[in-house]
Ligand SMILES: Cc1cc2nc3c(=O)[nH]c(=O)nc-3n(C[C@H](O)[C@H](O)[C@H](O)COP(=O)(O)OP(=O)(O)OC[C@H]3O[C@@H](n4cnc5c(N)ncnc54)[C@H](O)[C@@H]3O)c2cc1C
């Protein structure tokens, strides 16, 4: 893999898809955002998102990674990553709606594999078609990295379950019709030494006993988080995902794949930051010449580009191994760790080089800095990635 801020691909299919996606992001989607006055700080509505889901589906991008039987094009992980990177590098606010990250098939992850025929028909196929949307609700105020300490509980009740608990930070919650909720089974994990069992459920957000509340606003300033409050909410047995007691494995299986697949989005944002910074160093005049003439600045952009190249190379190497059917547990932890940390350093230098512009609200670099900072916590913190790597090293080597 060679370095480029405008990557090309040898595989003709990837090259064609990336080209078509760039045209859509820079053309039609850019116009749509301009016409609607959509900015990162604005409050998005379902009415803003739904036309993009549908149009992206018409163009073949929404759920493109899925098998053909679900209307996808059966992409490899590398092909999907190339598209995710492009979406991340586009600077479009709604780029997360194009491939299905925001409430769509990418948010549901690989739970399709665990779905019954009823769940496919009622929830997941409408999701893939952009007609319904979902959020994923694992985290609670006192259960983040240590998800097993969650308090949300499921009690068996006739032909179904009653769920009670309070989930926070469910991304895409404001636009979702249903949530994938993980809860502890009542009667498990209550005594010392008794292992808790968890189950995953598809919960209709308009069910009696379920409330969607405005979630906290993270430092990115986006209003895309919800709290999901469950108060003795009845969930039919038909909405249990997979087997009872196996929900954590389903949820964390999704997180492991997501961990690697989040990386290209972040790489895209970092790539955009390097490009915007280079542009700035060429046009910003100091001491009678462009910033880029100063060696101190040249060194900074050299470091930014080098970090980007390293992070991108390792991510695509891990994705290639995954496509070959190899285990990439350690590599996924390593990529998530290194991509998050190096993207943060890249954005920090980008802010520095932009000076006061980089500190000013409304400037894209200022927004990207805040957005990228979050990635050291999201989808598993950097410390949790290090724990994972160290544990695998201890057991395997
Ligand atoms: C914008 C945003 C979107 C999110 N979207 C979702 C979503 O859609 N669905 C969802 O379920 N959750 C979501 N989350 C939650 C996210 O996954 C958690 O924030 C994350 O898992 C970390 O948990 P925590 O914030 O409670 O931190 P804590 O677990 O409280 O950790 C605090 C600090 O302690 C460290 N730490 C904790 N345990 C260990 C350990 N064992 N070893 C070493 N260090 C440790 C952490 O690394 C961190 O630095 C989102 C969060 C944000 C901010």
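Quick note: the coordinates plus some simple rules give every number you see, no bench work behind them. This structure is a prediction, so every number in the text was calculated from the model and none was measured. No Cβ is skipped: glycine too gets one built from the backbone with ideal geometry, and neighbour counts run over all protein chains shown.
If the chain linking residue 287 and residue 329 were pulled fully straight, counting 0.36 nm for each residue of separation and taking away their Cα-Cα distance, it would gain 10.1 nm.
Between the helical axis of 295-323 and the longest alpha-carbon principal axis of the chain there is an angle of about 40 degrees.
Relative to one another, the C-alpha centroids of the range 115-164 and the range 322-397 are positioned 28 Å apart. Multiplying the residue separation of residue 294 and residue 363 by 0.36 nm and removing their Cα-Cα distance gives an extension gain of 22.5 nm.
The distance between label points at residue 145 and residue 391 comes to 1.2 nm (points 7 Å beyond Cα on the Cα→Cβ vector).
Bridges between two residues of the range 100-224, per DSSP, are antiparallel at a rate of about 65%.
Note on the chain: with a GNM built from Cα contacts shorter than 10 Å, the maximum mean-square fluctuation among 49, 261, 337 falls on 49. Pop a pseudo-label 7 angstrom from the Cα along the beta-carbon direction at both residue 50 and residue 206 and give the gap in nm to one decimal. Taking the simple label geometry, residue 50 and residue 206 are separated by 1.1 nm.
Compared with the dominant Cα axis of the chain, that is its longest principal axis, helix 382-396 is turned about 70°. Could you tell me how many degrees, from 0 to 90 and to the nearest 10, lie between the Cα long axis of helix 77-89 and the main elongation axis, the longest principal axis, of the Cα atoms of the chain? Computed tilt is about 60 degrees.
Spin-label model, residue 252/residue 377: points 7 Å from Cα along the beta carbon direction are separated by 2.3 nm.
Projected over all directions and averaged, the alpha-carbon convex hull of the range 299-372 occupies 5.2 nm². Would you please state the base-10 log of I(q)/I(0) at q = 0.12 1/Å for the range 134-248, with intensities from the Debye formula using one equal scatterer on every alpha carbon? The calculated log intensity ratios at q = 0.12 Å⁻¹ are -0.38.
When the helices of the chain are scored as -39500 (n - 2.57) per DSSP H run of n ≥ 4 and the total is divided over every residue, the value at 222 nm lands at -14500 deg cm²/dmol. Three principal axis extents describe the C-alpha atoms of the range 1-135; from largest down they are 45, 37, 21 Å. Restricting the calculation to Cα atoms, the range 255-394 shows an Rg/Rh of 1.05 when the hydrodynamic-style radius is the Kirkwood one. Evaluated at q = 0.12 Å⁻¹, the base-10 log of the normalised Debye intensity for the chain, with identical point scatterers placed on the Cα atoms, takes the values -0.97. Subtracting the Cα-Cα distance of residue 356 and residue 113 from 0.36 nm times their residue separation leaves 82.6 nm of extension gain.
Of the peptides 178-185, 386-393, how do they stack up when ordered by the mean number of other Cβ atoms within 10 Å, highest first?
Working: 178-185: 24.8, 386-393: 14.5.
Top to bottom by mean Cβ count within 10 Å: 178-185, 386-393.
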